[in-house]
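Below is one structure, written out as structure tokens; comments come after it.
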Amino acid sequence: MGYILRGVTFKASNATCYPSLREITFVAGTVFYNPLTEHFYETVSSSGNWSSAKSKAALRSYFGKVGYLATMQSAAENNFIWKIMNSAAWMGASDDFAQINDAVGSTKYANQSASEQKWTWVTGPEAGTQFSNHRTKISGQYSNWNGGEPNNSGRSEHVGQFYSSNGGRWNDLNIASSLSNYLVEYGGMPNDKTTNTPISSRRIAVSGSSSGVY
């Protein structure tokens with residue numbers, strides 16, 4: 001590990017990098033670790049519709065942690081995911097009554113009219129949790145809809161799309177539409193294996209510099 005650390009460089013986001021302790025985390029594989037959520041994330045390049053992406057995400061795993069289409073619970077988490085993206089991707093949100101019923105495990109809505117615009121996380125630990133009613137955020141929940149969205153264009157847009165532009169805002173899209181990527185999150189599921197440790201963190205002392213480059 002010492003040899004790896006000697007070759008590490010990083011650049012501060014400010015012009016001046018003040019002296020302090022910093023923590024660098026090394027993660028096995030190509031996923032990204034978020035210390036705020038303690039979850040892992042990756043953008044998978046695979047063209048297909050939302051249903052296909054949901055199924056594929058559920059078949060993925062990372063060191064014993066089950067994969068699912070990503071669910072965003074805060075602005076910090078949303079921003080983290082946005083920064084690892086290079087193209088719009090599917091996420092785990094839907095107002096489709098069949099998807100919500102499946103996530104809840106019972107018949108919550110009898111038809112699409114009943115579930116319309118009741119946007120709900122249908123994947124991951126938050127499956128079955130409604131986060132917005134049309135464009136109105138549910139108290140205690142997080143949403144980041146793009147301006148004018150969700151708009152249910154053509155009365156057929158019932159799944160969530162995460163933009164790689166517009167500050168990581170969201171859009172509703174037709175479930176049959178095709179995107180080239182989907183977002184996978186790992187962590188927080190009840191059947192995860194938590195004994196595996198695919199990360200290693202080290203604290204390093206940093207001296208101040210006007211350049212901000214080390």
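The values are calculated or read from the model by the stated rules, or taken from the named source; none is laboratory data. Since this is a predicted model, take the numbers as computed values, not measurements. As a convention, Cβ positions derive from the backbone with ideal geometry for all residues, glycine included, and neighbour counts pool all protein chains shown.
A few points about this structure:
- Under the condition of being under 18 Å from PRO35 (Cα atoms) and assigned to a loop (DSSP other than H, G, I, E, B), the residues counted in the stretch 178-192 number 4.
- Output for the stretch 150-183, where each listed residue is among the aromatic types (Phe, Trp, Tyr), buried (at least 19 other Cβ atoms within 10 Å of the Cβ) and more than 14 Å from ASP95 (Cβ to Cβ): PHE162, TYR182
One line per residue, one yes/no per condition, for (1) at pLDDT 95 or above; (2) farther than 18 Å from ASN49 by Cα; (3) within 19 Å of the chain's Cα centre (by Cα):
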| residue | (1), (2), (3) |
| --- | --- |
| ASN146 | yes, yes, yes |
| SER164 | yes, no, yes |
| ARG169 | yes, yes, yes |
| SER177 | yes, no, no |
| SER180 | yes, no, yes |
| GLY188 | yes, yes, yes |
| SER209 | no, yes, no |
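- The single condition from (1) modelled with pLDDT under 95; (2) more than 15 Å from the chain's Cα centre (by Cα) that VAL104 fails is (1).
- Just so you know, in the stretch 78-135 the residues that are buried (at least 17 other Cβ atoms within 10 Å of the Cβ) and among the β-branched types (Val, Ile, Thr) include one that is farthest from TYR41 (Cα to Cα), and it is ILE100.
- Among the candidates PHE80, PHE40, residue that is at pLDDT 95 or above and more than 18 Å from TYR163 (Cα to Cα): PHE40
- Single condition ILE204 does not satisfy, out of (1) assigned to a strand (DSSP E or B); (2) of a type outside the set (Phe, Trp, Tyr); (3) in contact with a Gly (Cβ under 8 Å, 6 or more places away or on another chain); (4) modelled with pLDDT under 95: (3)
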